[in-house]
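What follows is one structure encoded as structure tokens, with my remarks underneath.
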Amino acid sequence: MQYCLIALDIDGTLANSQKEISQRNINALAQAVSQGAQVALVSGRPTPGILPTAKAINMDKIGGFILSFNGAKIINYATGQVIYQNVLSAQDVQAICAEAQALGVAAITYSDQALYSTSAQNQYVQKEATINKMPVVEVADLAAATTFETPKCLMVDDPDKLVQVEQHMKAKFPNLSIYRSEPYFLEIVPLGVDKAFSLDLLLKEHHLTAQNLLACGDGFNDLSMIQYAGMGVAMQNAQQVVKDAANYVSPYTNDQDAVAHAIEMFCK
């Protein structure tokens, strides 16, 4: 099998609009693994937010890898081994939190158990909490409360505002990697960290190359892995920039088992 590693974004890709994984997608993954492929869930979500999806696709049986925080952390699901981790410095967290306050946008940091924010009731903070099934701890001073290591900060606001915020943050923080995972989510991680970077590390660990990678995605933060993969597949519901970079644009959306369709087409 040419595509030995199948890398899947979750939201808008593997999961449908109800955040559920279809039986067809589950079956397609099981079939590919039985033929020698391995699976990696690659998401902007924190690790605890990916675990329910890992269970849903039966990673307890088929094994695989979790690349959380847009690749800032890589875990072997079967063994629990942390293969790679990169976190923001305390100075960067402090500066990001200060900038979020100055720009009037809500920000989030991540412990192993919860999300931390000064705006717990913000609709986008609540959306992130719901997606990841994690509680929100509201704090008065986010930087001071972030006494734990966090691989990512998230800024959230209306999409139109975040376009401007993204441009501002990229200009002000050239020492960090900044991109949107959703129109209303702005991801901020250590410099150089993105999905392609971490998948490259994982492939090299297994003596494989990008030509052995099938990657499926839809969002802005999927662009790097779609460009990097030997076969980059964009969902029909993907952002246009992702479609433009893809080797193949699925005629199906995440609500129409586009992932299963791609696996059935390319992993024979």
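The values are calculated or read from the model by the stated rules, or taken from the named source; none is laboratory data. Since we're looking at a predicted model, the values are computed, not measured. Cβ sites come from the backbone with ideal geometry, for glycine too, and all protein chains shown count toward neighbours. The area values use the complete protein model at the heavy-atom level, side chains included, leaving out ligands, DNA and RNA. Shrake-Rupley method; radii C 1.70, N 1.55, O 1.52, S 1.80 Å.
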**Request:** Calculate for the chain the 222 nm mean residue ellipticity that helices alone would give, adding -39,500 (n - 2.57) per DSSP H run of length 4 or more and normalising by residue count, nearest 500 deg cm²/dmol.
**Result:** -10500 deg cm²/dmol
**Request:** Calculate I(q)/I(0) for the chain by the Debye formula, one identical point scatterer on each C-alpha and no solvent, and give its log10 at q = 0.08, 0.16 Å⁻¹ to two decimals.
**Result:** -0.29, -1.18
**Request:** Using a 1.4 Å probe and counting only protein heavy atoms, arrange VAL33, VAL233 so the residue with the most accessible area comes first.
**Result:** VAL33, VAL233
**Fill in**
Cα-based Rg then Dmax for segment 16-154, in Å, read 16.7, 53
**Fill in**
Rounded to whole Å², per residue accessible area for the chain with a 1.4 Å probe reads 41
**Prompt:** Within straight cross-link reach of LYS195, meaning Cα distance under 18 Å, which aspartates and glutamates are found once same-chain residues fewer than 8 apart are removed?
**Reply:** ASP9, ASP11, GLU182, GLU187, GLU205, ASP218, ASP222, ASP244
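Quick one: order GLU205, GLU187, GLU149 from most to least accessible surface, probe 1.4 Å.
Values: GLU205 105, GLU187 5, GLU149 130 Å².
Result, largest first: GLU149, GLU205, GLU187.
May I ask you to give the percent of accessible area on segment 49-158 that is carbon plus sulfur, with a probe radius of 1.4 Å?
On the way: 2210 of 4780 Å².
Exposed carbon and sulfur together represent 46 percent of the surface.
Among the chymotrypsin sites (Phe, Trp or Tyr not before Pro) in segment 98-185, which ones are in a DSSP loop with at most 16 other Cβ atoms within 10 Å of the Cβ? Mind listing them? Working shown, then result.
Numbers: sites: TYR110, TYR116, TYR124, PHE148, TYR179, TYR184, PHE185; in loops: PHE148, TYR184.
Sites meeting the loop and neighbour criteria: PHE148.
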**Asked** Rounded to a whole number of µm²/s, how large is the Stokes-Einstein D of segment 94-250 at 20 °C and 1.002 mPa s, given Rh as the Kirkwood radius over C-alpha pairs?
**Response** 129
**Per DSSP, loop trypsin sites (Lys or Arg not before Pro) in segment 119-169 with at most 13 further Cβ within 10 Å** = LYS133
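Holding the Cα-Cα limit at 24 Å, pick out from LYS19/LYS268; LYS204/LYS243; LYS19/LYS61; LYS19/LYS161 the pairs that are longer than that. Intermediate values should be presented prior to the final figure.
Values: LYS19/LYS268 27 Å; LYS204/LYS243 27 Å; LYS19/LYS61 22 Å; LYS19/LYS161 26 Å.
Violating the 24 Å Cα-Cα cut-off are LYS19/LYS268; LYS204/LYS243; LYS19/LYS161.
DSSP beta bridges in the chain, what fraction antiparallel, as a percent rounded to 5? Could the numbers behind the result be given before it?
On the way: 22 of 43 bridges.
Beta bridges within the chain, antiparallel portion: roughly 50 percent.
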**Prompt:** So, how do all the Cα-to-Cα distances of segment 50-89 break down into 10 Å bins, in percent, from 0 on up?
**Reply:** 31, 52, 15, 2
